[in-house]
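No lab work stands behind these numbers, since they all come straight from the coordinates. The structure displayed is predicted, hence computed values, not measured ones. Positions of Cβ are backbone-derived with ideal geometry, glycine not excepted, and every protein chain shown enters the neighbour counts.
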Amino acid sequence: MVRPARFGSGSLPPDCSATCRSDSDPGCVCRLVRERLKNDVEKMRNQFSGFRPGLVVLQVRRLGPETEPVQKQNRVSFFLQIGIEAKHIRLPSSAAQEEVLQSIMAVNQNPAVHGLIVQLPLDSAHKMDTDLITNAVSPDKDVDGSVLTRCINAGKLSRGDLSDCFIPCTPNGCMELIRQTGVSVAGKHAVVIGRSKIVGAPMRDLLLWRHATVTTCHSKTQDLPEQVGRADILVVGAGRAEMVRGEWLKVGAVVIDCGINHLPDETKASRKRVVGDVHYASANQRAGFLTPVPGGVGPMTVAMLMEVDINNDILFITMKNYQNKVHQ
């Protein structure tokens with residue numbers, strides 16, 4: 001029986017704030033990414049005096065602690081640790097679509113902000129045109145990818161043009177987690193459960209172009225346990241609580257759980273607990289590497305998002321510097 005790598009004492013972290021308190025662990029993925037990005041920001045600030053990367057997350061939500069994102073506190077902490085000036089704009093659920101659009105326009109026109117994320121879904125009491133709102137984000141600040149940007153990137157990603165497109169943050173974070181296990185993707189049989197446009201489909205493409213043999217499973221797949229049992233690498237983003245059982249897994253498999261679900265739990269103050277798409281207790285007995293929920297894929301998604309934001313900042317400040325020289 002193969003025991004999975006222990007997060008916090010093994011090679012993969014449960015979350016940046018918790019795991020990285022043991023900074024002596026050289027295999028802490030969050031710490032490694034955080035240090036790399038912090039160095040990138042420091043280089044930018046040294047090269048361009050007074051420059052500080054700025055990011056805004058815009059959210060429409062009901063007020064109350066039960067609606068706070070699972071990784072919200074860790075996210076803000078991560079921003080601060082690597083030197084990014086982050087602001088979280090929260091609009092109430094009573095906000096109308098025009099108010100949301102005005103907030104986006106204000107951020108678009110703010111030169112101190114270099115990246116803007118509109119957090120979905122928009123939890124509003126009013127009807128919202130999600131495509132209209134996300135496409136209102138300036139392309140120069142669109143680190144998360146609007147609908148139009150995603151269509152272009154999806155085409156490039158499916159063709160294997162990995163160096164010429166924005167890679168969605170969650171799949172990119174999953175690939176980083178897989179890389180840090182030391183398991184080579186090339187030649188492995190990978191199974192992806194879920195075919196969403198922001199997780200499942202790009203995850204399939206990334207694994208394929210890293211030379212894995214990839215099987216995509218979805219709601220119509222007939223023999224799911226059999227397919228899962230063939231996987232050397234399993235990535236799950238189906239949105240169904242604890243759907244994948246441990247006995248389905250191939251012994252020693254790398255298992256990446258992207259799910260965030262809530263189950264009733266009277267022992268919790270909120271009367272619910274957060275679980276993934278994989279039944280952790282049983283999978284823990286067979287997987288070689290296993291991400292927990294919460295605290296596995298979430299922090300890596302934030303880290304990859306920061307990497308995109310920093311790369312966008314580098315492009316922005318480089319182009320601005322070039323244009324200033326041209327007009328001198």
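At a Förster distance of 45 Å, what's the computed FRET efficiency of Glu98 paired with Arg36, Cβ-Cβ distance as r, to 0.05? Walk me through the numbers on the way to the answer.
Details: r = 40 Å, r/R0 = 0.90.
Efficiency, from the Cβ-Cβ distance: 0.65.
Of the listed pairs Lys127/Lys272; Lys156/Lys197; Lys127/Lys220; Lys43/Lys141, which have alpha-carbon separations greater than 24 Å here?
Numbers: Lys127/Lys272 28 Å; Lys156/Lys197 14 Å; Lys127/Lys220 31 Å; Lys43/Lys141 21 Å.
The answer is Lys127/Lys272; Lys127/Lys220.
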Check Cys217: other-chain or 5+ apart residues with amide H under 5 Å from its amide H, H built from backbone geometry?
Val192, Ile193, Gly194
